[in-house]
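Structure, as structure tokens:
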Amino acid sequence: MANTLVKDYQVNSRKHTEMVSSTLITFFLALGALAMVIPFVWMVSTSFDNDALFNIPFPPRFYPKLLTLDNYRLAFTNVSMLKYMFNSLLVAVGTILISLLSAIMSGYALSKINFKGRNVILLLALSTMMIPGEVTMTSRFFLFDKLGLADSYWAFWLPASAYVFGTFFAKQYIDSIPDSLRESALIDGAGELRIAFQIYMPLCGALIATLTILLFLGSWNDFLWPLIILSSPEKYTLQLGIALFSYNQGLNEMPAIRMATTVICIIPILILYLFLQRYIVESIALTGLKQ
Amino acid sequence: MNIRNASTIYPVQKKNKLNPFIRRNIAGYLLCSPMILGLLIFVFYPMLQTFIYSFQSTNGISGVLNGVTNYKWIFKDDMFWGALKNTAIMSVMAVLIDIVVCFILASLINSLSYNKGFFKSIYFLPNVVSSVATALLFNFLFYPTNAGVINYFLSFLGIKPVGWLVQPGIAKFSIVLMGLWRSVGYDTILFLAGLQSIPREYYEAAKVDGANGLQRWWHITIPNMKPIFAFMIIMQVIGTLKRFDDVWLIGGVGGNPGGSLQTVVLYIYRNAWISRDVGIASAASVVLFAITLIITIANYRIMNKER
């Protein structure tokens, strides 16, 4: 009797400490989460704030006293936001298509076709991942300049074919699809290209989704390469457009318009995130450690 | 049934007269060709060109060989050493803070039995925001008066307004904090993936032996996470060596305030596009490449030794 009472007490106290500690942890994590979210709240609030046109309001507030849409109107009239957005989309779609095609084709070949030198190709390709793009960007600019392709979107689309991370990831993914599909298709007389696109590609849904998300995030948020390669304002991407607008006007001027442009710039990607958050988070966990 | 009928049933085999071995090779190369061509033209060739430029006095269009003059120049250039120093300081600061914060966050999230997904989503949210948007936003959050949100909150703790982005001594730290806001979710998720790969039995065995939560964390979690720590450190060191977007937006090509935000990539950019001295920019690029290579190789050596 006494023994069970002691045991009960121990179990209860253990449960109790566990509850206390998990409440504490939740509280601590919630504080951190608040720090993650506050910048967004301030940004959105300022973008609608009637008093923030010339100076940020004091004391800082997270809900405007006087709501206005004028900041957005001014943002759209001063910065060609829609044009930039369209340009960014154009760059992203082309990059995604070319990278995906190239990655799946080479991933399939490296995984399933036993051709001469495939290990050498894989090794060489992987070793290029050690070359940072920043190291080659100067020469790459002059290469495109000589080809007459500087200040054009070909400078984004053509290099997209060398998507080594995608190739590697596609190879690993296709490794897990049985060889027997290819073998029976070969007996039926299908060519490798047809096997790659008609038999294996439809089975790569998860792979395509993951790579598309990563490529879109990368392309949409890219800044340094557009800064170097694009010179005519009507070709600017969204990041470059709003960055140069702020840069040329002085960073501290007109906070409301600046925040309006920033909100517009992150909205497409936030919408994407809201719908695909589970998926994005998982694809990061999946691909991140393999890189 | 005669032979003619059979050949009409399998017409493809008749069409392909090539030896299947050669056919397989051709198919392999053909399918890999977009990637191979892309690498040759847009990675290998520019890399080679960068090496060549680095031994030339050139504006990128025409140039003359000048031996190792460019290298001599950059190693005598205070601004280059400054850039190296700034990059290294920011890199070390960013990696240390990021690894500690993200590992603790991941451990805390992992210990919860509910709300895991919620916290993952919230912490990851800033990661989808571009570096440009982050810099524009934090430029106001770090406002040097109490109108800036961060200084305003600190004022409740009795701290006087800090010139986050205008004081040379502090600007690097502010940039690192700004980067942390963006990277924290990504790295926490990677750590979480690592934490979940540690076998459950270890913890259960330790529980039976009477180890408490903190002891289990210290004696099981941390030793088992070693390879992931190594991976994260190397990825982040290499990533932070390439810092450009945020320092360019906040500090301009000069890396202001007072050149304290001048990084190596900024130095490359400035020499290539402001002073149009592509030779100098290329020499600096080669040095950056060498540093990346040394760090990567050293890391592999250490990792292999541990195994």
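Screening residue B:226 on (1) touching an Asp or Glu at 6+ places or on another chain (Cβ under 8 Å); (2) under 30 Å from residue B:136 (Cα atoms) shows it passes everything except condition (2).
Taken over the range A:101-117, the criterion of being more than 7 Å from chain B (Cβ to nearest Cβ) and of a type in the set (Ser, Thr, Tyr) is satisfied by A:111 alone.
The single condition from (1) crowded, with 23+ Cβ neighbours inside 10 Å; (2) at the interface with another protein chain (Cβ under 7 Å from one of its Cβ atoms) that residue A:251 fails is (1). Exactly one residue out of A:138, A:95 is of a type in the set (S, T, N, Q), more than 19 Å from residue A:214 (Cα to Cα) and part of a helix (DSSP H, G or I): that is A:138. Filtering the range B:161-180 to residues that are among the β-branched types (Val, Ile, Thr) and under 17 Å from the mean Cα position of the chain (by Cα) leaves B:175, B:176. The residue pairs whose first member lies in the range A:14-40 and is free of Cβ contacts under 8 Å to residues at least 60 places away in the same chain, whose second member is of a type in the set (Val, Ile, Thr), and whose beta carbons are closer than 6 Å, counting only pairs six or more residues apart or on different chains, are A:33/B:122; A:36/B:122.
Going by the conditions given, is residue A:113 in contact with an Asp or Glu (Cβ under 8 Å, 6 or more places away or on another chain) and within 19 Å of residue A:174 (Cβ to Cβ)? For residue A:113, the condition - in contact with an Asp or Glu (Cβ under 8 Å, 6 or more places away or on another chain) and within 19 Å of residue A:174 (Cβ to Cβ) - is met.
The residue of the range B:104-145 that is farthest from the other protein chains (Cβ to nearest Cβ), among those that are of a type in the set (Phe, Trp, Tyr) and under 21 Å from residue A:46 (Cα atoms), is B:142. Close Cβ contacts (under 9 Å, 6 or more residues apart or on different chains) running from residues in the range B:289-301 that are assigned by TED's automatic domain parsing to the domain that holds residue B:264 to residues that are charged (D, E, K, R) comprise B:292/B:242.
Looking across the range A:131-152 at every residue that is at the interface with another protein chain (Cβ under 10 Å from one of its Cβ atoms) and under 17 Å from residue A:95 (Cβ atoms), the one that is surrounded by the fewest Cβ atoms within 10 Å (Cβ to Cβ) is identified as A:133. Against the conditions (1) outside the structural domain of residue B:272 (by TED's automatic domain parsing); (2) modelled with pLDDT of 95 or more, residue B:64 satisfies every one except (2). One residue alone among B:165, B:112 is of a type outside the set (Val, Ile, Thr) and under 23 Å from residue A:265 (Cβ atoms), and that residue is B:165.
All conditions but one from (1) facing another protein chain (nearest Cβ under 8 Å); (2) in contact with a Phe, Trp or Tyr (Cβ under 6 Å, 6 or more places away or on another chain) apply to residue A:155; the one that does not is (1).
Count of the range B:25-57 residues, restricted to those that are over 23 Å from residue A:126 (Cα atoms) and either facing chain A (nearest Cβ under 8 Å) or assigned to a helix (DSSP H, G or I) (or both), is 3.
For the range B:160-169, check the following and say yes or no: at least one residue is part of a helix (DSSP H, G or I), at pLDDT 90 or above and crowded, with 23+ Cβ neighbours inside 10 Å. Within the range B:160-169 (the criterion being part of a helix (DSSP H, G or I), at pLDDT 90 or above and crowded, with 23+ Cβ neighbours inside 10 Å), the answer is no, since none of the residues qualifies. Would you confirm, using the coordinates I've provided, whether residue B:150 is touching a residue at least 12 places away in the same chain (Cβ under 8 Å) and either in a helix (DSSP H, G or I) or in contact with a Gly (Cβ under 6 Å, 6 or more places away or on another chain) (or both)? Answer is yes for this residue. For the range B:120-157, name all the residues that are crowded, with 18+ Cβ neighbours inside 10 Å, more than 28 Å from the chain's Cα centre (by Cα) and not aliphatic (A, V, I, L, M). Result: B:148, B:151, B:152. Residue A:81 meets the conditions (1) touching a helix residue (DSSP H, G or I) at 6+ places or on another chain (Cβ under 6 Å); (2) more than 19 Å from residue A:263 (Cβ to Cβ) in every case but one. The failed one is (2).
Summed over the range B:195-215, the residues that are without any contact (Cβ under 8 Å) to a residue 40 or more places away in the chain and either buried (at least 17 other Cβ atoms within 10 Å of the Cβ) or of a type in the set (Gly, Ala, Ser) (or both) give a count of 5. Among the conditions (1) under 27 Å from residue A:283 (Cβ atoms); (2) more than 9 Å from chain A (Cβ to nearest Cβ); (3) surrounded by 22 or more Cβ atoms within 10 Å (Cβ to Cβ), residue B:175 misses just one, which is (1).
Give the residues of the range B:218-262 that are assigned to a loop (DSSP other than H, G, I, E, B), touching a Ser or Thr at 6+ places or on another chain (Cβ under 8 Å) and within 12 Å of chain A (Cβ to nearest Cβ), sorted by residue number. If the condition is that a residue be assigned to a loop (DSSP other than H, G, I, E, B), touching a Ser or Thr at 6+ places or on another chain (Cβ under 8 Å) and within 12 Å of chain A (Cβ to nearest Cβ), then B:243, B:244 are the ones that fit.
The values are calculated or read from the model by the stated rules, or taken from the named source; none is laboratory data. From a predicted model like this one, the values you see are computed outputs, not experimental measurements. A quick note on method: Cβ atoms are made from the backbone with ideal geometry, for glycine too, and the neighbour counts reach across all protein chains shown.
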